[in-house]
Ligand SMILES: Cc1ncc(COP(=O)(O)O)c(C=O)c1O
């Protein structure tokens, strides 16, 4: 109990175009983000994913929903290699 | 543009197949070019632009991806072989095709197209502007007729993309095909097919997309649905650069410049007695293409002399569109074709006219 908010959120998209499009929209809205190789643990394969920090999750959701780019899945980094899938 | 292609060749990562820097760079080149296409053609969603190797591939994908046995298709007598041949192939697969004849200037009457549409018509395939006569077709009225009948409209913009303004928000055709290497000023080996959202196109080619690799089914989302295999990211990087140039310059400005040159050409050629000019008289109804003949002279000979004696490069013959020449009465010899571009100067037009006067005079 008393766990602090996990710091990192990984967004997985359907394809590379969608990752690029999400990146463009997040950057334009000033949401700090990084392109990362898809973590091994997470099943997907377009090669790229987007990492944001937890406090930016709501803003990211708003920006991406408005642009109609819905992630295929969203994962919270619990510790080292452990992820928990959460709703977008 | 050439420098960008050379630089891209030097690093060529496979886009979307990996997370390393070169792959990201290629993925970004594709994305940027797609976004620029969407901006240039007034489309909201760039993912609907699928890259192809040329216009021919895009047209084949559209035609063979839409038509099924029992369907009816409508087209015109001024289509390029890259439309006619796939349609003839589909006839063998149980599709019926109606070819609407164009007028002697190469323009089709939208009413005649509308009249050819039946209950089973699934596709209307029309060239936006003929590559032989330059005639710009009444796309808006044809789209209206197709919509009313529930048929899809495929527009072949090979001769207009990048040189005649075309906005998909204003003219929401279902399918739009174009090469990258003509009016879009990109390198050879590039082209695109735009597919409006909701238009059900079956992929012509299936395979690796870098997405959904755990599944042995082709993804159904764009652009991956219609883009399998390693793309020509090197060429598309170059196309991205020429698209940026066109966006800065504006297609309206390109069109105005080409129209001025067209008017000078048509007027100048009209004053040479034994030269026949084909296509619409009204320059606003003509893309940047003029077909002509020197009376009693083989078009191939005119082309050869223009190049050999005057250094002017033209194309003579049938221009891969035999039906267009049957329509305007120039089959089987064809015509000579001049096409001024955004970098053509008034001086070059004057030089061409002087050369043509000399060649024509040698015939009198
Ligand atoms: C009207 C028209 N359609 C299609 C094409 C085929 O284009 P591509 O050579 O890029 O396949 C051309 C090329 O000349 C054309 O003029």
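State yes or no: is residue B:27 under 15 Å from residue B:240 (Cβ atoms), free of Cβ contacts under 8 Å to residues at least 12 places away in the same chain, more than 16 Å from the ligand (Cβ to nearest atom) and assigned by TED's automatic domain parsing to the domain that holds residue B:243? Here the answer is no, as residue B:27 does not meet what is asked. Among the conditions (1) within 14 Å of chain A (Cβ to nearest Cβ); (2) over 19 Å from residue B:168 (Cα atoms), residue B:104 misses just one, which is (1). Just so you know, in the range B:31-75 the residues that are in contact (Cβ under 8 Å) with a residue 40 or more places away in the chain, within 16 Å of residue B:175 (Cβ to Cβ) and within 14 Å of chain A (Cβ to nearest Cβ) include one that is nearest to the ligand (Cβ to nearest atom), and it is B:51.
Report yes if some residue within the range B:52-60 is touching a helix residue (DSSP H, G or I) at 6+ places or on another chain (Cβ under 8 Å) and closer than 21 Å to residue A:22 by Cα; otherwise report no. Among the residues of the range B:52-60, not one is touching a helix residue (DSSP H, G or I) at 6+ places or on another chain (Cβ under 8 Å) and closer than 21 Å to residue A:22 by Cα, which makes the answer no.
Can you tell me which residue is farthest from the ligand (Cβ to nearest atom) among those in the range B:106-144 that are more than 19 Å from the chain's Cα centre (by Cα) and outside any helix (DSSP H, G or I)? First the steps, then the outcome.
Here is the first cut: in the range B:106-144, the ones more than 19 Å from the chain's Cα centre (by Cα) are B:109-122, B:141, B:144.
Within this subset, residues satisfying the condition of being outside any helix (DSSP H, G or I) are B:109, B:117-122.
On the way: B:109: 19, B:117: 22, B:118: 25, B:119: 29, B:120: 26, B:121: 21, B:122: 21 Å.
If we take residues in the range B:106-144 being more than 19 Å from the chain's Cα centre (by Cα) and outside any helix (DSSP H, G or I), then B:119 is farthest from the ligand (Cβ to nearest atom).
Of the set (1) buried (at least 17 other Cβ atoms within 10 Å of the Cβ); (2) on the phi > 0 side of the Ramachandran plot, all apply to residue A:30 but (1).
Among the residues of the range B:18-31, the one identified as in contact with a helix residue (DSSP H, G or I) (Cβ under 6 Å, 6 or more places away or on another chain) and at pLDDT below 85 is B:22.
Matching residues to (1) outside any helix (DSSP H, G or I); (2) away from the ligand (no atom under 15 Å from the Cβ):
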site	(1), (2)
B:230	yes, yes
B:263	no, yes
B:269	no, yes
B:279	yes, no
B:296	yes, yes
B:305	no, yes
B:309	no, yes
B:326	no, yes
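Among the residues of the range A:43-58 satisfying the criterion of being surrounded by 15 or more Cβ atoms within 10 Å (Cβ to Cβ) and within 12 Å of the chain's Cα centre (by Cα), which is farthest from residue B:197 (Cα to Cα)?
Taking the range A:43-58 and keeping what is surrounded by 15 or more Cβ atoms within 10 Å (Cβ to Cβ), we get A:44-53, A:56-57.
When the remaining residues are screened for being within 12 Å of the chain's Cα centre (by Cα), the result is A:48-53, A:56-57.
Numbers: A:48: 25, A:49: 25, A:50: 26, A:51: 29, A:52: 30, A:53: 33, A:56: 31, A:57: 29 Å.
Among residues in the range A:43-58 that are surrounded by 15 or more Cβ atoms within 10 Å (Cβ to Cβ) and within 12 Å of the chain's Cα centre (by Cα), the one farthest from residue B:197 (Cα to Cα) is A:53.
Of the residues making up the range B:14-30, those that are crowded, with 19+ Cβ neighbours inside 10 Å and either away from chain A (no Cβ under 11 Å) or over 21 Å from the mean Cα position of the chain (by Cα) (or both) are B:15, B:16, B:17, B:18, B:23, B:24, B:26, B:27, B:28, B:29.
Results for (1) at pLDDT 95 or above; (2) buried (at least 21 other Cβ atoms within 10 Å of the Cβ); (3) within 15 Å of the chain's Cα centre (by Cα), shown as yes or no for each residue.
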| site | (1), (2), (3) |
| --- | --- |
| B:58 | yes, yes, yes |
| B:69 | yes, no, no |
| B:75 | yes, yes, no |
| B:92 | yes, no, no |
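In the range B:175-200, which residue that is more than 10 Å from the ligand (Cβ to nearest atom) and farther than 15 Å from residue B:156 by Cα is surrounded by the fewest Cβ atoms within 10 Å (Cβ to Cβ)? So, considering only residues that are more than 10 Å from the ligand (Cβ to nearest atom) and farther than 15 Å from residue B:156 by Cα, the one surrounded by the fewest Cβ atoms within 10 Å (Cβ to Cβ) is B:198.
The values are calculated or read from the model by the stated rules, or taken from the named source; none is laboratory data. Everything numeric here is computed off the predicted structure, so don't read it as measured data. FYI the Cβ positions are ideal-geometry reconstructions off the backbone, even for glycines, and counts take in every protein chain you see.
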